[in-house]
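Just so you know, all these numbers are worked out from the coordinates, no wet-lab data involved. Computed from a predicted model, the values in this text were never measured in an experiment. Counting neighbours? That spans all protein chains shown, and the Cβs are built from the backbone with ideal geometry, glycine included.
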Amino acid sequence: MSLQFVIGSSGAGKSCYAYGHVIQESMKYPKRQYYVIVPEQFTMQTQKTLVEMHPGRGILNIDVLSFQRLAYRIIQETGGNMGKLLEDTGKSMVLQKVVQMHKGQLPYLGGQMKRPGCLDEVKSLISEFLLYDIGDSDLEDMVNRAEQQPLLHMKLQDIQVLYKGFKEYLEGHYITGEEILDALLPAVPLSEKLKDSVIVLDGFTGFTPIQVKVIRELLAVCQKVMVTVTMDGSGDVFAKGKPHQLFYMSRQMIHILSALTRDLEEPVCLTTDEKSRFSQAPALKFLEKHIFRYSRKKYEDPQEEIQIYTAGTPEKELEEAARRIRRLVRTQGMKYGEIAVITGNLEEYGNIASQVFERAGIPYFVDEKHTVLMNPFVEYIRAAVEMVFTGFSYEGVFRYLRCGMSRLTREETDYLENYVIALGIRGLNRWQEHWTRIYRGMDAEDILKINESRARFVEEVYDFAEIFGKGRKKIEQYCRGLYDFIVKGQIQEKLKKQELYFKSVGDAAMEKEYGQIYGIVMDLLDRMVEILGDELVTVQEFRQLLETGLSKAKVALIPPSMDQVLVGDMERTRLKKIKALFFVGVNEGNIPKAADTGGILNEMDRDFFAEEGVELAPGPKELMNMQRFYLYLNLTKPEKLLCLSFSSSNSKGEAISPAYLIHTVTGLFPALKISRIEDGNYTLEDLEIPGDGVDAFLKGLSEGAYTAEDPLFGEVFGWLLRSPGYKAMTRKLVEAFLSICPKDMIGASVAKVLYGEVSPYSATRLERFAACAFAHFLQYGLRLSERAEYEFKAMDMGNVIHKALEEFSKELRRQGLLWADLSQEQQRQIADQCLEKVTADYGNTILKSSARNEYMIQRTRRLLHRTLWALQNQLKNGEFVPEGFEVVFQGGRIDRVDILEEQDKVYVKVIDYKTGNTTFDLVALYHGLQLQLLVYMDAALSVERRKYPDKEIVPAGIFYYNVKDPMIQEKIETDMESVNEEILKSLKMNGLVQKDPEIAQKIDKSLVSIPVSYKKDGGIKKGSSVADNQQFWILDQYVKKKIKQIREDILKGDAQISPYELGAKNACTYCPYISVCGFDRKIPGYGFRRLKSFSDEELWKSLGESMDDQILTGEEER
């Protein structure tokens, strides 16, 4: 039977001619069957076009089919048995199982199969082999021929194992989509429907070998086969052409099909005329004639049909596209359905387009299948399986509870999470226990509510966890257990509610997704049971199979409306009757698309196949040439306007270049200027989308346009206030713009209720207020605290050391031992006992929870031994003796008080242990930021005065001892005594020492442990931290005055956001409330409270003057 080609360039009317011919013939011969065969994704649009073209608005004897649908139709007619169809998801699962079965036979691919995307590459290659009719013998032959290429030989051997295993698994039960046409071949001669029918093949740019075989069979039984071909009809249409030529694919298709029959009718060659697509667009017509041709012609006339612009980012690029689309609809009366947006990077641009068009109020449809992985139902299933697989880890449990499908509410989940984090709950056994522990900061009555939530959670998941326990089970058992779990959770009802909700708010896409998702998952489970049901697998293997299936499942959405902008891919999306086309993302890497590596087979491997005469799918080289053809097809789709755009940086902020297409087009149109979209330059014409109005309004606010009678600002402001969707937001923006830092005062009465009495000895609290009044209000007024976590931090190590030192001192007192007289063995033995006692239940046994934390015990033990060794040596070098450890007084606790009793005097030394690098700073003390040591000394002096009423109590020194285990660099021959001396020097205490040299010697005769050094003549060196009796008294009085002032300010209700700044330090650096306080220096009134820095001389002078004022006003305290 005859074969006829309908040839013409893009826009010449090939489809229109072929459809018109078929319609006329179908009316003339109503008993003859006509088939229009198009690619799968084009069937609906083609049916619509045929119905619109038909005078009777009906196509009774015309069928629109794809090759696959034709196969179903004919095999059903002839009674052939092609087996059950294994769709893409099923193929992935079968292949995953085949990999698991043969993983020991895959020396090359075995180690790569866990790599993301590797399974897809193998599946794609197997599909390619099936599509290009490569059998087992062909592959065996290629394995033998590749022996001289070791890497390719290994690849092919592994592929052969998987290909053979895949086909054997399916044999007699299933058929893949690629094999359907193989099943069609013997059925074609038997079909009565195809006999004497007329077939039109439209929309194809080429055919696979198996499709060519089908066409050969169709030519044998059909009366006529017409094929539309996109190419310039000039010259010899049967010449094969060369790969670099634009229409090489079309010429190759004609060459292959012409060889199938001798009955060739005269080709119909169409040219662009008055009725063609570009009859009213001369510039677009010129573009079609000369793009990607070897022509030097240029279009010199002014024109508006082709435009190019550039923007800073893809988002800005699409915002400009939205403006132009709205302008086309508003000024030229175009419908949204007559406008399309295409790109070479739909994955990125599709997401951005959804956000931009949503904000702009433009109806749109993104032409892509949506993955189901982000659906809450799918996440619920994946999280449940992971939860059991990971043994009810914290991450697994709360991934499950946070997906929104569990029976626990969000509040219940929050309470559970806080408890689990604080106490380190892990494992199903721990979840089944009745919880009784209370963590720091937790209300005791909350444990009842938490236990109730815990019990409901366990009841919800226990049966599921039992089924997914250890051991191998049949896939059917896992699937049935998962199904029962879904039913028990009433998931179908929950999904239905969500579907109805999205319907009520008019979100058709989400309504369709929720309407389909339950069926998709159930179909997946059915397929798993049907295909792999009797296979014995572990939970991990089942999880891999399930993940594979879910990752391949897609939700296909039909455009919910006719009048909407189509957003699609430049290769896949079918454009029909488009008046305006926006081609976005015309950047290198997108146009042309970055050449793929070819998957398992690289370009050299494919060249080897081609040299051996085995045809495969186009490789990277051929794809580059094909992309030019797809570009040509897209650029010639619009009837009135073609707008190209590119961005100067990608979404990561990296600079990117425009694609070669921009240079090609500007070369054809010298007068065409590339417009640059600048941020923030708003005119009335620019305000096409509401978001521009908001941006212009904010810009006007920031530039003071509201005070300059700017008419544009006034119009925009008025429109925003009149618009229901923007009214509330605009008022909030104005309020925020005019906001200043509030004078946060809670009032004296409220402060009294919140705080009660403020102890003058609570140094940490007073220092917090001095640093920032608002932080004090949050901590002591609202009692906000950070979430308790089950982990061992640096602060925890400090707490353990403190507690261990406290226990050590108690044990010495209990046994009646003196610290300075202890042997090293005694000291270590007592220290280890104390540390074991402290760590046994610290933080709810966190130190026993992991190997890392067990190591932290050893590290803490080493640090404790070093600390006790250093403190003992410091005591041995002086005459002071410990008077008390962890001395409790009103509102505080002193780590250690040492005294030296003489005939008429008692000298007092105060030491505070610090695990950080705290340094005594008189300037910080002056500003109230470091009151602790003076408060402790005052309390210690008061205690000693009561104890020794007949003696003068003298402050000898106040010190911070930084707990650490220093590393000393010395030569290997250095003796240990010198090394120990260097270690003691590095463990020197810092603070303030009585200026009297005799007292300093009595504290430490070696002066190694205190911040004092002397000149050769006996004078104190500059830089020593010393103070005489009068200065200690001045400090004591000043601190009392400062505390009184701070307490008054607290009880007045001062709660201002006023963090200090002193040199390079500020209150915000380690503040836990930085994320909630709202401190923003850009808002008027917010700023750091800059504190003055002093030299030592200036400081003591200022302190003295302060005391003089105090004496004059009668405020001296003695």
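Brief remarks on what is shown
- In the chain, Cα pairs under 8 Å separated by at least six residues give a relative contact order of 11 percent.
- Ranked list, fewest to most other Cβ atoms within 10 Å of each Cβ, for TYR336, TYR462: TYR462, TYR336
- The gain in end-to-end length when the LEU712 to ASP1028 segment is fully stretched comes to 106.6 nm, 0.36 nm per residue minus the alpha carbon separation.
- Rg/Rh ratio calculated on Cα atoms of segment 870-970 (Kirkwood radius): 1.00
- Difference of contour (0.36 nm per residue) and Cα-Cα distance, LYS752 to LYS947: 66.7 nm
- Cα long-axis angle, helix 711-722 against the chain (0 to 90 degrees, to the nearest 10): 90 degrees
- Residues LYS488, LYS155 in ascending order of nearby Cβ atoms (within 10 Å, fewest first): LYS488, LYS155.
- When Rg and the Kirkwood radius Rh are both evaluated on Cα atoms of segment 368-420, their ratio Rg/Rh stands at 1.04.
- Taken one residue at a time, the phi angles of segment 615-631 give Karplus couplings (6.51, -1.76, 1.60, θ = phi - 60°) of 7, 10, 4, x, x, x, 5, 5, 5, 4, 5, 5, 5, 4, 5, 5, 4 Hz. Gly and Pro are set to x.
- Ranked for footprinting exposure by Cβ neighbours inside 10 Å, fewest first, ARG326, ARG251 give ARG326, ARG251.
- Once backbone amide H atoms are built at 1.01 Å from N, VAL906 has GLU952, ILE953, VAL954 as its partners under 5 Å, excluding neighbours fewer than 5 places away on the same chain.
- Loop GluC sites (Glu not before Pro), segment 436-471 (other Cβ atoms within 10 Å of the site Cβ: 11 or fewer; DSSP): GLU445
- Charge context of ARG893, other residues only, Cβ under 11 angstrom, K/R +1, D/E -1: -3
- Flagged links, alpha-carbon separation over 21 Å, of LYS512/LYS552; LYS103/LYS123; LYS803/LYS1040; LYS909/LYS951: LYS803/LYS1040
- Karplus-derived 3J(HN,Hα), 6.51/-1.76/1.60, for each residue of segment 421-430, Hz, glycine and proline x: 5, 5, 10, x, 5, 9, x, 4, 4, 5
- Rounded to the nearest 20, the size of the Cβ-charge dipole of the chain about its Cα centre is 1400 debye, with Lys and Arg at +1 and Asp and Glu at -1.
- Summing charges over neighbours of VAL910, with a neighbour being any other residue whose Cβ is under 9 Å away from its Cβ, gives -1 when K and R count +1 and D and E count -1.
- Estimated distance in nm for a label pair at THR261 and LYS31, the labels positioned 7 Å out from Cα along Cα-to-Cβ: 2.2 nm
- Taking every C-alpha pair closer than 8 Å and separated by at least 6 residues, the mean separation divided by the residue count of segment 376-555 gives a relative contact order of 23 percent.
- Kirkwood radius, segment 927-1007, all distinct C-alpha pairs, inverse of mean reciprocal distance: 15.6 Å.
- Given R0 = 56 Å, the distance between the Cβ atoms of THR205 and THR538 translates into a calculated FRET efficiency of 0.75.
- Once backbone amide H atoms are built at 1.01 Å from N, LEU201 has ILE37, MET226, VAL227, THR228 as its partners under 5 Å, excluding neighbours fewer than 5 places away on the same chain.
- The coefficient of translational diffusion for segment 376-555, derived via Stokes-Einstein from the alpha carbon Kirkwood radius under 4 °C and 1.567 mPa s, stands at 74 µm²/s.
- Diffusion constant of segment 88-171 at 10 °C, which comes from Stokes-Einstein with the Kirkwood Cα-pair radius and 1.306 mPa s, µm²/s: 122 µm²/s
- Residues GLN332 and GLN252, FRET efficiency given R0 of 60 Å [Cβ-Cβ distance, rounded to 0.05]: 0.90
- Relative contact order, percent, segment 1-100 [alpha-carbon distance under 8 Å, six or more residues apart]: 22 percent
- Note on the chain: dipole from Cβ charges, positive end direction compared against LEU687, ALA383, VAL214; the farthest Cα belongs to LEU687.
- When DSSP beta bridges are restricted to pairs lying wholly in segment 895-985, around 40% turn out antiparallel.
- For segment 48-119, trypsin sites (Lys or Arg not before Pro) are listed when DSSP marks them as loop and at most 16 other Cβ atoms sit within 10 Å of their Cβ; the list is ARG57, LYS114.
- Of the beta bridges in the chain, as assigned by DSSP with both residues counted there, near 30 percent are antiparallel.
- Once backbone amide H atoms are built at 1.01 Å from N, VAL341 has LEU566, VAL567, GLY568, PHE582 as its partners under 5 Å, excluding neighbours fewer than 5 places away on the same chain.
- A crude spin-label estimate for the pair GLU1048 and LYS470, with each label 7 Å from Cα along the Cβ direction, gives 7.1 nm.
- Span from the segment 367-428 Cα centroid across to the segment 120-162 one, whole angstrom: 42 Å
- Among the chymotrypsin sites (Phe, Trp or Tyr not before Pro) in segment 358-422, none is located in a DSSP loop while being surrounded by at most 13 other Cβ atoms within 10 Å of its own Cβ.
- Summarising the label geometry, the points placed 7 Å from Cα in the beta-carbon direction at SER823 and GLU998 lie 3.8 nm from one another.
- Calculated over the chain: convex hull of Cα atoms, volume per residue (Å³): 276 Å³
- Cβ crowding within 10 Å averaged over residues, with 179-186, 1027-1034, 752-759 ranked highest first: 179-186, 1027-1034, 752-759
- At R0 = 30 Å, FRET efficiency that the Cβ-Cβ distance of ASP523 and TYR17 yields, to 0.05: 0.10
- A convex hull fitted around the alpha carbon atoms of segment 481-593 yields 174 Å³ per residue.
- Potential lengthening of the chain between GLN903 and LYS193 amounts to 243.0 nm, from the contour at 0.36 nm per residue minus the alpha-carbon distance.
- Spatially proximal lysines relative to LYS732 (Cα-Cα < 18 Å; intrachain offsets below 8 disregarded): LYS699, LYS1082
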